[in-house]
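Participant: Okay, handing you the structure first.
None of the figures in this text is laboratory data; all of them are computed from the coordinates on show. These figures come from a predicted structure and were not determined experimentally. For neighbour counting, all protein chains shown are included, and Cβ atoms are generated from backbone atoms with ideal geometry for every residue, glycine included.
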Amino acid sequence: MQYESDLPAVTVENLSVKYRTVLESRPTMKSALMRLGRPQQEVKYIEALKDLTLTVQPGEFLGVIGHNGAGKSTLLRTIAGILPPSSGRVQIAGHVTTLLSVGIGFNSELTGRDNIRLGGLANGFSIKEIAEKEDEIAAFSELGEFIDYPMKTYSTGMYSRLGFSVVTHMDPDILLIDEALSAGDASFRDKAAKKIEDMMEKARAIILVSHGLQTINEMASKCLWLDHGKMMGYGPCDEIVGAYEDFVAVGSSSIISEEI
């Protein structure tokens, strides 16, 4: 599917997402007796995203950076429709495919090949369409004979490689990726990067959450920096990544850039 030239792939307007969580505190013996042993609970609200506004245009690759708990994964899950906004809105133009965590949606008791079919069905493709892509996906994952082994025998890297292979062969309009390129050896990461470049040539929009600043700088066309749910920066990757590095007071060595 090609987007209309004047229609953004993703529009986020004044988006806020608030979680309700319950904390249990350790009671004293006296307070426990007074409450007949019932746990003492405290309701707390966490504002994961705060009044966020941005647009992702067709053909753009948006990299999202920030510390753990900054709201990056919450943003992806809200765009994907998994989490509802507390306020504001998200508008999508096209079909969204998600790779939001290692092996999400997979059944570890089934083989890798069975999970290719499962992933295809979950993304709305017919059995015939999946059959046409199955061998290509298996080959791309580089799992060899393990493709016919139960996924409970897989390493984390193998999970990630198969998950990436499935979603990137399903021709999504908008691809949401959460740290999917961080696993696997250098050869597979290089091949994954080339696969994404091929997808971008077909005018697909991609949003990648990553701690790998070097990956964001090399691959993304625009960068979003989040901190405690707030937008700290949004624009050219070199500027935003540089500002983030200054903020956390680290150097720009390749080792640090791939671990922040």
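Participant: Quick one: length gained pulling LYS44 to VAL22 fully straight, 0.36 nm per residue minus the C-alpha distance?
Facilitator: Stretched fully, the LYS44-VAL22 segment lengthens by 7.3 nm.
Participant: Limiting things to C-alpha atoms, what are the Rg and the maximum Cα-Cα separation (Dmax) for the stretch 43-170, in angstroms?
Facilitator: 17.0, 50
Participant: Rg and Dmax of the stretch 100-224, Cα atoms, in Å?
Facilitator: In Å, with Rg to one decimal and Dmax whole: 14.0, 40.
Participant: Given H placed on each backbone N at 1.01 Å, which residues far from LEU99 in sequence or on other chains put an amide H within less than 5 Å of it?
Facilitator: Under 5 Å from the amide H of LEU99 lie the amide H atoms of LEU176, ILE177, ASP178, each far enough along the sequence or on another chain.
Participant: Using 0.36 nm per residue, how much length does the chain from ALA243 to LYS195 gain when fully extended, once their Cα-Cα distance is taken away?
Facilitator: 14.4 nm
Participant: Estimate the FRET efficiency between SER108 and ASN14 by the formula 1/(1 + (r/R0)^6), using the beta-carbon distance for r and 45 Å for R0, to the nearest 0.05.
Facilitator: 0.70
Participant: Checking the cross-link filter: which lysines have an alpha carbon closer than 16 Å to that of LYS195, excluding same-chain neighbours under 8 positions apart?
Facilitator: Correct list for LYS195: LYS133.
Participant: If I histogram all Cα-Cα distances within the stretch 161-233 using bins 10 Å wide from 0, what percent of pairs lands in each bin?
Facilitator: 17, 55, 24, 4
Participant: List every residue whose amide H lies under 5 Å from the amide H of LEU110, counting only residues 5 or more places away in sequence or on a different chain, with H placed 1.01 Å from N in the peptide plane.
Facilitator: MET151
Participant: In addition: So for each of 227-234, 216-223 I average, over its residues, the number of other beta carbons within 10 Å; can you give me the resulting order with the highest mean first?
Facilitator: Details: 227-234: 17.4, 216-223: 20.0.
The peptides rank, most packed first, as 216-223, 227-234.
Participant: Work out the FRET efficiency for SER187 and SER126 from their Cβ-Cβ distance, taking R0 = 30 Å, and round it to the nearest 0.05.
Facilitator: Taking R0 as 30 Å, the efficiency between SER187 and SER126 is 0.40.
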